[in-house]
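Taking it in order: structure first as structure tokens, then the write-up.
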Amino acid sequence: MHRTKIVRLLKSETPRDNIVAKGWVRTRRDSSNFSFIEINDGSCLENLQIIADESLQNYEEIKKITTGSAVTVTGDLIESKGKDQKWEVDAKALEIISLAPDSYPLQKKRHSDEYLRTIAHLRPRTNKYGAIFRIRSELSFAIHRFFRERGFHYIHSPIITGSDCEGAGELFKVTTIDFENPPKKDGKIDYSKDFFGTEANLTVSGQLSAEMFALALGDVYAFGPTFRAENSNTRRHVSEFWMVEPEMAFCDLFE
């Protein structure tokens, strides 16, 4: 049987028999002869509750499932008796794909951003960052749709470049030079010996590329990461961000 994503199960209009769902365990709690397990597969923010009773062949293993473990559940989608959920799954079989260690750092409680920064590889599993990046995904799609509906061409501007189109601020340099033993000329680093044969930086803007293509394709836009190396540690200064940069040929204030 094929897997059904949790978002589709939660939007179901009627009960369903013999469904298969997969996900990562958010919580597990035991109650008399049952285990209640909430899983999430990333298709939505909401979790799907699984009811596993002691009649399952591997129930003793199920009771050892930890937060963060990956599982496959086969069962029936039934109406939930809980007040905050419409559906739950009565498990007929539950396979443990992998167990997370007891030291798995994400727990049910809320974690600070400072702590989550130390476990960045798990940060997307939190509700906060899952919501943030879902919003970013929708915004990016909306930006592309806006320009596409108006006949613009999307330009992929280079991230590594030799230009500084803003003409101000600090740049992140990109180099393969060994700074323990750099090649020098006239007392300065000789970038002609570098990977590109000249100085290269992370882009501060895709504007120059967009302007160049506007002179051939008409209406264009660049949308991608840009980098600034100013050492300004404020909420209004970031080292990396995404910027939308439209350019139009033969355009005036009335167009």
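The values are calculated or read from the model by the stated rules, or taken from the named source; none is laboratory data. Worth saying up front: this structure is predicted, and the values here are computed from it rather than measured. Heads up, the Cβs are rebuilt from the backbone with ideal geometry, glycines too, and the neighbour counts pull from every protein chain shown.
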Completion exercise
Residues of segment 109-126 being under 12 Å from the mean Cα position of the chain (by Cα) and either surrounded by 10 or more Cβ atoms within 10 Å (Cβ to Cβ) or more than 23 Å from Trp242 (Cβ to Cβ) (or both), in sequence order, are Leu122, Arg123, Pro124, Arg125, Thr126
Fill in the blank from the handout: His2 meets each of (1) out of contact with any Asp or Glu (no Cβ under 6 Å at 6 or more places or on another chain); (2) loosely packed, with under 13 Cβ neighbours inside 10 Å; (3) under 12 Å from Ala91 (Cα atoms) with one exception, condition (3)
Completion exercise
Within segment 161-213, the residues that are surrounded by 13 or more Cβ atoms within 10 Å (Cβ to Cβ) and of a type in the set (Val, Ile, Thr) are Thr161, Val174, Thr175, Ile177, Ile189, Thr203, Val204
Problem - segment 235-255, subset in a loop (DSSP other than H, G, I, E, B) and not hydrophobic (A, V, I, L, M, F, W, C), residue nearest to Gly151 (Cα to Cα) - result: Glu255
Handout entry: Within segment 214-241, tally of residues that are farther than 19 Å from Asp164 by Cβ and either surrounded by fewer than 19 Cβ atoms within 10 Å (Cβ to Cβ) or small (Gly, Ala, Ser) (or both)
Key = 10
Exercise for the section: List every residue pair whose Cβ atoms lie under 8 Å apart, where the two residues are 6 or more positions apart in sequence or sit on different chains, the first residue falls within segment 178-207 and is part of a loop (DSSP other than H, G, I, E, B), and the second residue, located anywhere, is polar (S, T, N, Q) and surrounded by fewer than 14 Cβ atoms within 10 Å (Cβ to Cβ). Expected result: Asp194/Thr176; Phe195/Thr176; Thr198/Ser192
Practice task
Within segment 112-124, work out how many residues are charged (D, E, K, R) and touching a Leu at 6+ places or on another chain (Cβ under 6 Å).
Solution key: 1
Practice task
Find the residue count for segment 218-233, including only residues that are free of Cβ contacts under 8 Å to residues at least 60 places away in the same chain and over 24 Å from the mean Cα position of the chain (by Cα).
Solution key: 2
Fill in the blank from the handout: Among residues of segment 71-83 being under 19 Å from Arg8 (Cβ atoms) and among the small types (Gly, Ala, Ser), the residue surrounded by the fewest Cβ atoms within 10 Å (Cβ to Cβ) is Ser80
Problem - Among the residues listed as Glu61, Glu88, the single one being acidic (Asp, Glu), in the same structural domain as Lys11 (by TED's automatic domain parsing) and more than 20 Å from Lys11 (Cα to Cα) - result: Glu61
Handout entry: segment 51-70 - residue that is under 29 Å from the mean Cα position of the chain (by Cα) and of a type in the set (A, V, I, L, M) and, of those, surrounded by the fewest Cβ atoms within 10 Å (Cβ to Cβ)
Key = Ala70
Exercise for the section: Test Ala100 against the criterion of being in contact (Cβ under 8 Å) with a residue 40 or more places away in the chain and part of a strand (DSSP E or B), and give yes or no. Expected result: no
